[in-house]
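This report concerns only the one structure given below.
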Amino acid sequence: MIEYVNSNSPLHRLDPRSKIIFSFSIMLAAIFTSSYIILAFLIIISVIIWIMADVPIKKLKPIFLVLFIFVLMGTLTQAVFYTDRTNYTGPVTVLFNLLPYNVPVIGSLPVTVEGLMYGVVFSMRMVVIILAPVVIPFTTHPSDMILVLRSMRFPEWMILLITMSIRFIPLTFQNFYTIRNAQNLRKIKTGFNDLMLLMETLLITSLKTSKQMALSLETKAFGYSAQRTSLKTISFGKKDVIFSTFSLTVLGIVLINTGVV
Amino acid sequence: MDDQTAHNIPKNKFYFNNREIAMLAAFLALLLATNLIWITGYVVGNVIYGIVEGLLMITAAIVIGKKYTVLTLGVARTIAEILIAGAFVGSLTAFTFLINAIVLEAILQSSKPYAGSLKINVAGTAVYGLVTRIVFIGISVVFYGMVLPNWLLAFMIIVPVITFAIGGFLGDRIGNRVKTAISSM
């Protein structure tokens, strides 16, 4: 789970909507192109934005891990399967076979040069697709995100539902570890029935807490007025317009370059 | 309270009452937390994730017991995954939660009361698992350009159908017990 990192970086000061525009523009650009140069350009842009976001390296460890797995698996699977499809008509240069003999249905899983080259393109695309949107939860406080949902005219109860679920997540983990520790105190190994019991207890504990939350909602008369006000507001300023224009320009350049527009 | 006073109190404007909204939030938190199952690796994760997600969806439908419960969870989860949780495999795949929820909602509504039949719950979660994988693979192949052979696609689709159906079965068992426990609190 990605947590918000408190900072005063230029990215943190931007309106969340401009970051959503950036994220989707870069993602769309990566989807439409298969050029190494353009994908490298998009990665560089994403990295620059990440540097501007001022997120500590240790917070990025899980992202790097996911990226590493995607790059490794993406390159490997595409190296094997890219030329294996029925509609592939190009050259096939086999480097080596992953399996020493031909297995029925699966084959010998040959690693090809063409597949490796496509694997690199695929991995670069996935790096952009993962890097660009993750900047949003790292640099946007959940309360700002709630304001975005409100500005998009989402119903208040839906906004409350999402807000409460975010508050519930750490509590859910805390409850999980408490129940797990209690089970560990009784037994060393846990079987299927113990896991089911854990799930049941976790559900009941979470729902019991939700009952208390509902009570506090009732005391605050939530739901008796559709209109709600907020102390905090968000506004789409000059910097947001510049950042959004930059994002859309990047998308435009890529679309023109790939011949989509 | 006389009729005049009762008439002056405005009714709750939302379809779900505050108690149900709070319970939906608890289920949504559990569903968002299931993403961490993937830490166990692709093979183990593929099995456990389906069981837990299927279990949670059916339990939510039984405990809340109101139409559109699953659909609401699907919509809220899509938004949460895109905007807040940060979908690791690209924001587009978050839309799988919405499409699955529409399918499961339609199936669960065919039973009366809502999610009241074991057979429909199991069948619904099996279809949910099937749609989950088809949409996820569809996005990966069509939009991200992933190339996979048919035998691997078949494997990737069949496994979740089984695990989600098991989750649906367990959800039906646990759901009814949890509902009894909650109503007695």
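Residue-by-condition table, conditions (1) part of a helix (DSSP H, G or I); (2) more than 7 Å from chain B (Cβ to nearest Cβ):
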| residue | (1), (2) |
| --- | --- |
| A:Asp194 | yes, yes |
| A:Leu197 | yes, yes |
| A:Lys208 | yes, no |
| A:Lys211 | yes, no |
| A:Glu218 | yes, no |
| A:Tyr224 | no, no |
| A:Thr233 | no, yes |
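Here's a check for you: in region B:135-170, which residue that is touching a Gly at 6+ places or on another chain (Cβ under 6 Å) and of a type outside the set (Ser, Thr, Tyr) is nearest to the other protein chains (Cβ to nearest Cβ)?
This residue is B:Gly167.
May I ask you to say which residue of A:Ile169, A:Ile204 is of a type in the set (A, V, I, L, M), facing chain B (nearest Cβ under 9 Å), touching a residue at least 40 places away in the same chain (Cβ under 8 Å) and closer than 30 Å to B:Leu56 by Cα?
A:Ile169
Of the residues that sit in region B:24-57 and are closer than 19 Å to A:Glu200 by Cα and among the hydroxyl-bearing types (Ser, Thr, Tyr), which one is nearest to the other protein chains (Cβ to nearest Cβ)?
Here the residue is B:Thr34.
Check off (1) surrounded by 21 or more Cβ atoms within 10 Å (Cβ to Cβ); (2) modelled with pLDDT of 90 or more; (3) part of a loop (DSSP other than H, G, I, E, B); (4) not basic (Lys, Arg) for B:Ala87 and give me the number that stays unchecked.
With (1) surrounded by 21 or more Cβ atoms within 10 Å (Cβ to Cβ); (2) modelled with pLDDT of 90 or more; (3) part of a loop (DSSP other than H, G, I, E, B); (4) not basic (Lys, Arg) applied to B:Ala87, the lone miss is (2).
Which of the numbered conditions does A:Met124 fail, given that it passes all the others? Conditions: (1) under 21 Å from B:Ala94 (Cα atoms); (2) out of contact with any Leu (no Cβ under 8 Å at 6 or more places or on another chain); (3) more than 7 Å from chain B (Cβ to nearest Cβ).
In the conditions (1) under 21 Å from B:Ala94 (Cα atoms); (2) out of contact with any Leu (no Cβ under 8 Å at 6 or more places or on another chain); (3) more than 7 Å from chain B (Cβ to nearest Cβ), A:Met124 misses (2) alone.
Would you check which residues across region A:25-51 are touching a helix residue (DSSP H, G or I) at 6+ places or on another chain (Cβ under 8 Å) and either more than 20 Å from A:Phe122 (Cβ to Cβ) or in a loop (DSSP other than H, G, I, E, B) (or both) and list them?
A:Ser25, A:Thr33, A:Ser34, A:Ser35, A:Ile49, A:Trp50
Output yes when any residue across region A:244-253 is within 30 Å of B:Ile21 (Cα to Cα) and surrounded by 13 or more Cβ atoms within 10 Å (Cβ to Cβ), and no when none is.
Looking through region A:244-253, none of the residues is within 30 Å of B:Ile21 (Cα to Cα) and surrounded by 13 or more Cβ atoms within 10 Å (Cβ to Cβ).
Can you work out which of the residues in region A:85-119 that are within 12 Å of chain B (Cβ to nearest Cβ) and under 30 Å from the mean Cα position of the chain (by Cα) is surrounded by the fewest Cβ atoms within 10 Å (Cβ to Cβ)?
Ranking the qualifying residues of region A:85-119, first place goes to A:Arg85.
Could you count how many residues in region B:149-168 are surrounded by fewer than 19 Cβ atoms within 10 Å (Cβ to Cβ) and of a type outside the set (Val, Ile, Thr)?
Number satisfying all stated conditions: 8.
Please go through (1) facing chain B (nearest Cβ under 9 Å); (2) surrounded by fewer than 22 Cβ atoms within 10 Å (Cβ to Cβ); (3) touching a residue at least 40 places away in the same chain (Cβ under 8 Å); (4) not polar (S, T, N, Q) for A:Leu67 and return the number of the only condition it doesn't satisfy.
For A:Leu67, the exception is condition (1).
For A:Ser143, indicate whether it is more than 10 Å from every other protein chain (Cβ to nearest Cβ), in a helix (DSSP H, G or I), free of Cβ contacts under 8 Å to residues at least 60 places away in the same chain and among the small types (Gly, Ala, Ser).
It is false that A:Ser143 is more than 10 Å from every other protein chain (Cβ to nearest Cβ), in a helix (DSSP H, G or I), free of Cβ contacts under 8 Å to residues at least 60 places away in the same chain and among the small types (Gly, Ala, Ser).
The values are calculated or read from the model by the stated rules, or taken from the named source; none is laboratory data. Note that the coordinates shown come from a computational prediction; the quantities given were computed from them, not determined experimentally. For neighbour counting, all protein chains shown are included, and Cβ atoms are generated from backbone atoms with ideal geometry for every residue, glycine included.
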